[in-house]
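Only one structure is covered here, and it is reproduced in the block below.
The values are calculated or read from the model by the stated rules, or taken from the named source; none is laboratory data. All values reported here derive from a predicted model rather than from experimental measurement. Here the Cβ positions follow ideal geometry from the backbone for every residue, glycine too, while neighbour counts run over all protein chains shown. Ligands, DNA and RNA are excluded from the accessible area calculation, which covers all protein heavy atoms including side chains. Shrake-Rupley method; radii C 1.70, N 1.55, O 1.52, S 1.80 Å.
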Amino acid sequence: MRRAAKVDANQGAIVAALRKAGATVQHLHTVGDDCPDLLIGYRSHNYIIEVKIPGEKMRDGQIEWMQNWRGSAHIAHSVDEALRAIGAMK
């Protein structure tokens, strides 16, 4: 059964910070099937980020999705984690 698309409270701030850093951002949270929340393009590279609020854990299906993905996939609980994931912050 498909879950309703949910946007974590910190997703807006993360998206704004990524865009301010020069990234393009495509929302994927409505795709379903445990697909991560964001597709990011930055300096000719693509990144997948699952956004979680601090303390929130991924569901089993999300963990499986990330383990099976053969590209760059990250979890971000904060703006800093998202920026580090794409290399926009050390």
Sparse-neighbourhood loop hits (trypsin sites (Lys or Arg not before Pro), the range 11-47; DSSP loop; Cβ within 10 Å at most 16 others) -> Arg43
Tilt, helix 11-20 to longest principal axis of the chain (alpha-carbon atoms), in degrees rounded to tens, equals 30
With the 8 Å Cα cutoff and a minimum separation of six or more residues, the chain has a relative contact order in percent of 26
Residue-normalised 222 nm signal for the chain, counting each DSSP H run of n ≥ 4 as -39,500 (n - 2.57), nearest 500 deg cm²/dmol, is -8000 deg cm²/dmol
Per principal axis, largest first, the Cα atoms of the range 1-51 extend in Å by 37, 22, 11
Between Ala9 and Ser44, the FRET efficiency computed from the C-beta separation at R0 = 22 Å comes out, to the nearest 0.05, as 0.10
Computed over the chain, protein heavy atoms only, probe 1.4 angstrom, the accessible area per residue in square angstrom equals 63
Out of Ala9, Tyr47, Met89 - ranked by how far each Cα lies towards the positive end of the dipole of the chain, with unit charges on the beta-carbon of charged residues - the top one is Met89
Semi-axes (Å, rounded, descending) of the ellipsoid equivalent to the chain per its C-alpha gyration tensor are 20, 14, 12
To the nearest 20 debye, the chain has a Cα-centred charge dipole, built from +1 on Lys and Arg Cβ and -1 on Asp and Glu Cβ, of 260
